[in-house]
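Each reported figure results from applying straightforward, stated rules to the coordinates on display, with no laboratory input. Predicted, not measured: the structure shown is a model, and the values here were computed from it. Reconstructed Cβ throughout: ideal geometry from the backbone, glycine too, with neighbour counts over all protein chains shown.
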């Protein structure tokens, strides 16, 4: 099931590949990569999901579809766990298949507070190097 959260995104077409960040929450999806921002809606049905996304260019550079500044994407995918896989198409590029992977980012546990202050540094306790003759 595609859960609400932040995902690392990887995607490719025959033109090239890219990476970005995607966020999913309350039926919405949005994110960005080094060239485009994207936003839209998604529907989840068990392990399957669909999304409709609009992309907009924020920086000059190549995209995985070519040089279009704005795209309409339709995605279909599955997410049986923490990794989702999808395929999609852009209205502006019929017949060009977009393939992608989303990996759910998990919060790292907070490190426990130290129970005692750290020991004082004493350079005299460091190991001594052997003396070398000249």
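Each of 29, 83 has some number of other Cβ atoms within 10 Å of its Cβ, and from fewest to most they run 83, 29. Centroid-to-centroid, using Cα positions, the range 3-81 and the range 96-134 are 34 Å apart. Which one, [x] 11, 36, 20, 7, 7, 10, 7, 1; [y] 13, 46, 33, 8, 0; [z] 11, 40, 30, 10, 6, 3, 1, gives P(r) over Cα pairs in 10 Å bins from 0, in percent as derived from the coordinates shown? Comparing each candidate, only [x] matches the computed number.
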